[in-house]
Amino acid sequence: MVNRPKIKKKKLLLISILSLVLVIGAIVSTYALTMANTVKVTSEVVNIRNGPGLAYDITTQSRKNDRLKVLDEENEWYKVSLPSGETGWVASWLVENETVSAASNSKGKIISTLANVRSKDDINSSVIDTLNKNREVTVISSQNGWTQVTYGKVTGWIKSDFIEVAGASTEDSAALQKLTIREENTNIRDAADVNGKLLETAQPGTTYDIIGSKDSWYEVKTAAGSKGYVANWVVSVNENTAAAKPTVSSLSEATIVLDPGHGSNDTGAIGVDGTYEKEIALKTAAAIKAQLETTGAKVIMTRSNDDYVTLGKRAEISNDNAADAFISVHYDSTEEANTASGTSTYYYNDNAKDFASRINAQLKVGMPLENHGEKYGDFQVLRENASPSILLELGYINNSFDEQTIDNDAYRQKVANAVTNGLTNYFAN
Ligand SMILES: [Zn+2]
C-alpha cells in the first residue's frame, strides 16, 4: 500500500535521453582490417561502459556528434578511444559508422600534386592509395596533423597539409544542443546532485544550451552565464526523443531496478494474521530478481535487507543506473479488513503505459487473484523516475483470502514468472 498525495502535481513530461538508432548498412570492406575507423555519436548522450554489454558499469558519457576512434569490436559493441584519451565500450546502435554514412561530413580537396593515403595517422604506416591534385574526398576527422578521409570503399589518412577542407571544421560546426524546461520552478544547481546549491529556478519553455552531462544531469550555461546543472528527468532535449521506446531489444541486455516497498520502521500494511507488507514485498522482489537473472538481465534492488530507504532515493537509484525498467513491489490494504481483493498495476509517466500493459497482461493469466488492470497512480517513486516505471499491488494483505494466497513461495514464483514474461514481451516489441 502506498499513501497517495492529496494534491496532484502537474504531470512531469519525461524524456528518454537515448533514442534508439538503427545502424544502417554494413562496415566497409576492403581495408576494414587496417583502417582506423571512426564512429559518430547519434544519440543525445550515450553511456561509455567498461565492457561490451549493458551489464558493464558506466565509466563516462559521450555527447551527440562526438567522434570516437574505434579500437575493437565485439558483440555489436565498439571499443572506442574518447577525445579525452580514455577508452571504453559503446553500443554500436547508438553511433553511426563514419565509413558508411558520411552525409554530414565536410568535403575535402587534395591540394598537393600527389597525396598518399595511409592506413593510420602515422608516416610509417602502409600506403593504401595515392590521390591526384583536385581529387575530392569526404573528411571524417583530423588529429595530430593528419586528416582521416573516405571515398569509394577506401578510408585512410592523409597529411593535413595536402588537403583543403571546405567550410568550417567538422569538429567546430556542430551546433550546441538545447534543452527545454518542462516542469514549473525547475532548479538549476551548482552540482549534479539534488543537494547542490541552487543557482536559479526556471519555468516551462525556458531553453538552455547543453554543455555537458554528468550522471542523470545536464550541464548548462545559466542565465547569469555560469555553469549549472539540471536533472535530465525534468527537461526535454528534443521533441523527437520523447519516445517511450526501450533502448534495449531484449531482457538479457536490460538493467532492471526492483523496489521492495517500505522497510525498517515503515512496515507498510499489516495483515489480518499479522503479515508485514515490508517482509513479503522483499521476498517477492527477491524471487523476481532470481528469475530475471536467469535471463542474463542485470538486476538492482533498492533494498535487499530490512532497511529504510526514502522514496526519493528509490527513484534516484533508478535514474542513476539509467534503468531500462523500474518495478516497485507492494501489497495493498483497505481501512476495513476483508473489503477488497486482487492485484493492480500502476504507472504515472506516459513512457510507462506500454510497459504497465505488458506486465499486467501477464498478471491476468494463471494467477489466483482477480486482476484490476493497469491504472494511473501518482506515486513519488514513479513521478520522479525517468525510467519506464510501474508499481505493483499484488494482493490485499488485510483480506484473509488474499493474505493466505500471497504469503508463500508458490505465489511469489508465479509473480516472478509473470513479471519475467511481461518484461520479455516489452523489450521484444
Ligand atoms: Zn505498500
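The values are calculated or read from the model by the stated rules, or taken from the named source; none is laboratory data. Bear in mind the structure is a predicted one, so any value in this text is a computation, not a measurement. Because the Cβ atoms are built from the backbone with ideal geometry, glycine has one as well, and the counts that use them run over all protein chains shown.
Things to note:
- Check on Lys79, charged (D, E, K, R), at pLDDT 50 or above, in contact with a Phe, Trp or Tyr (Cβ under 6 Å, 6 or more places away or on another chain) and in a strand (DSSP E or B): yes
- Verdict on Ser318 being at pLDDT below 95 and at negative phi: yes
- Against the list (1) out of contact with any strand residue (DSSP E or B) (no Cβ under 8 Å at 6 or more places or on another chain); (2) surrounded by 18 or more Cβ atoms within 10 Å (Cβ to Cβ), the condition Asp409 fails is (2).
- For region 406-429, filtering for residues that are assigned to a helix (DSSP H, G or I), free of Cβ contacts under 8 Å to residues at least 40 places away in the same chain and not small (Gly, Ala, Ser) leaves 0.
- Against the list (1) closer than 28 Å to Thr59 by Cα; (2) away from the ligand (no atom under 16 Å from the Cβ); (3) under 23 Å from the mean Cα position of the chain (by Cα), the condition Ala356 fails is (1).
- Search result, residues across region 146-169 that are surrounded by fewer than 11 Cβ atoms within 10 Å (Cβ to Cβ) and over 19 Å from Asp66 (Cα atoms): Gly152, Ala166
- Enumeration of residues in region 55-72 that are at negative phi and buried (at least 16 other Cβ atoms within 10 Å of the Cβ): Tyr56, Ile58, Gln61, Ser62, Arg63, Lys64, Asp66, Arg67, Leu68, Lys69, Val70
- Complete set of residues in region 317-336 that are surrounded by fewer than 19 Cβ atoms within 10 Å (Cβ to Cβ) and within 16 Å of the ligand (Cβ to nearest atom): Thr334, Glu335
- The set of residues in region 194-215 being closer than 28 Å to Ile48 by Cβ and among the hydroxyl-bearing types (Ser, Thr, Tyr) consists of Thr207, Tyr208, Ser213.
- Residue within region 249-264 that is touching a residue at least 12 places away in the same chain (Cβ under 8 Å), assigned to a strand (DSSP E or B), among the hydrophobic types (A, V, I, L, M, F, W, C) and within 16 Å of the ligand (Cβ to nearest atom) present: yes
- Among residues of region 278-316 being hydroxyl-bearing (Ser, Thr, Tyr) and buried (at least 22 other Cβ atoms within 10 Å of the Cβ), the one that is farthest from the chain's Cα centre (by Cα) is Thr284.
- Extreme residue, farthest from the ligand (Cβ to nearest atom), among residues of region 265-281 that are under 22 Å from Gly312 (Cα atoms) and free of Cβ contacts under 8 Å to residues at least 40 places away in the same chain: Glu279
- Considering region 47-67, and only residues there that are in contact with a Lys or Arg (Cβ under 6 Å, 6 or more places away or on another chain) and outside any loop (DSSP other than H, G, I, E, B), the residue that is nearest to Asn319 (Cα to Cα) turns out to be Ile58.
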